[in-house]
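Engineer: Please read through the structure below; I'll follow up with questions.
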Amino acid sequence: MMWIVLGVVVAVLVLLFMFGLSLPSRQQVTRVELLKAPVAEVWEALSDLPRQTHWRTGLKSVQMLDDDHGLRWVEQPERGGAVTLRKLKELPAQELLLEMQQGSSKGTRSARMNAVPGGTRVTFTEILETRTPIGRIRARMGGGLDQRLDSFIQQLKAKFAV
């Protein structure tokens, strides 16, 4: 009886591994949002990293790292593992491109801003590369990347909905 149970467990693990291998390693999500705030205020909210703990729910702390001239930092969420981020490109009040690393996943997050009547139009794009098959499954559980970016945008919008 024990051999049957062990065989079933091994079969399920092999199936999960094979399913994870069949998933693409790269995910991309893009959202275009209108924020009812001037470009300068949106830029400040996105680029003032330590203050993001005030408006991002679930973000416990932001620790700047001294080893890369202020271009690298670690975000510690309330749940889950720490995320190391690095600024790749910064055009004030126009574009911010960040590199993210968490466990076996690596990706980028960008925000491009344009002033429009009524506020700021921001194009958010997040790309995630996950190397391991099990990591690919975990990255898609519960909405994964879509849900994470949508949550970030809703929190940013709430900051300006005063």
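Coordinate-derived values only; no laboratory data. Not measured: the values here are computed from a predicted model. Here the Cβ is made from the backbone with ideal geometry for all residues, glycine too, and neighbour counts use every protein chain on show.
Engineer: Counting helices only, and only those DSSP H runs with n ≥ 4, report the 222 nm mean residue ellipticity of the chain as the sum of -39,500 (n - 2.57) divided by its residues, in deg cm²/dmol to the nearest 500.
Structural biologist: -11500 deg cm²/dmol
Engineer: May I ask you to derive the FRET efficiency for THR57 and SER22 from their Cβ-Cβ distance with R0 = 41 Å, giving the value to the nearest 0.05?
Structural biologist: 0.75
Engineer: While we're looking at this one, here's another question. Could you sort the peptides 155-161, 6-12, 26-32 by per-residue average Cβ neighbour count (10 Å cutoff), highest mean leading?
Structural biologist: With the highest mean Cβ count within 10 Å placed first, the list reads 155-161, 26-32, 6-12.
Engineer: Note down the nm distance, to one decimal, between modelled labels 7 Å out along Cα→Cβ at GLU99 and at ALA82.
Structural biologist: 1.8 nm
Engineer: Please arrange TRP73, TRP43, TRP55 by counting, for each residue, the other beta carbons lying within 10 Å of its beta carbon, fewest first.
Structural biologist: Fewest to most other Cβ atoms nearby, the residues stand as TRP55, TRP73, TRP43.
Engineer: Let me ask something additional. For ASP48, what charge total do you get from the other residues with a beta carbon under 15 Å from its beta carbon, if Lys and Arg give +1 and Asp and Glu give -1?
Structural biologist: 0
Engineer: Return the sequence-ordered ³J(HN,Hα) values of segment 32-45 in whole Hz as given by the Karplus equation 6.51 cos²θ - 1.76 cosθ + 1.60 applied to θ = phi - 60°, using x for Gly and Pro.
Structural biologist: My calculation for segment 32-45 gives 10, 10, 9, 9, 7, 7, x, 3, 4, 6, 5, 4, 4, 4 Hz in order.
Engineer: If you don't mind, another one. So what's the gap between the Cα centers of segment 60-109 and segment 34-59, to the nearest angstrom?
Structural biologist: Centre-to-centre distance over Cα atoms comes out at 15 Å.
Engineer: Same structure again: Please give, to one decimal in nm, the separation of the simple spin-label points placed at ALA40 and GLU90, each 7 Å out from Cα toward the Cβ.
Structural biologist: Placing both labels 7 Å along Cα→Cβ, they lie 1.9 nm apart.
Engineer: Dipole magnitude of segment 24-160 about its Cα centre, charges +1 at Lys/Arg Cβ and -1 at Asp/Glu Cβ only, in debye to the nearest 20?
Structural biologist: Rounded to the nearest 20 debye, it is 480 debye.
Engineer: Please give the charge dipole size of segment 11-102, origin at the Cα centre, charges +1 on K and R Cβ atoms and -1 on D and E Cβ atoms. Round to the nearest 20 debye.
Structural biologist: Roughly 340 debye, rounded to the nearest 20.
Engineer: Quick one: if the Förster radius is 41 Å, what FRET efficiency do GLN147 and VAL5 give, using the C-beta to C-beta distance and rounding to 0.05?
Structural biologist: About 0.75, to the nearest 0.05.
Engineer: Also: Please work out which option in (i) 22, 19, 17; (ii) 36, 17, 14; (iii) 144, 11, 9 gives semi-axes √(5λ) of the Cα gyration tensor in Å calculated from these coordinates, and answer with its label.
Structural biologist: Read-out from the structure maps to (ii).
Engineer: Taking the Cβ of THR57 as the center, what net charge do the other residues with Cβ under 12 Å away carry, scoring Lys and Arg +1 and Asp and Glu -1? The partial results should precede the final answer.
Structural biologist: Values: positive: ARG56, LYS60, ARG79, LYS159; negative: GLU78.
Surrounding charge for THR57 is +3.
Engineer: For segment 24-160, build the charge dipole from Cβ charges (+1 Lys, Arg; -1 Asp, Glu) around the Cα centre, then report which of GLY81, LEU91, HIS54 sits farthest towards its positive end.
Structural biologist: GLY81
Engineer: What is the sum of charges around LEU34, taking Lys and Arg as +1, Asp and Glu as -1, for the other residues whose C-beta is under 12 Å from the C-beta of LEU34?
Structural biologist: +3
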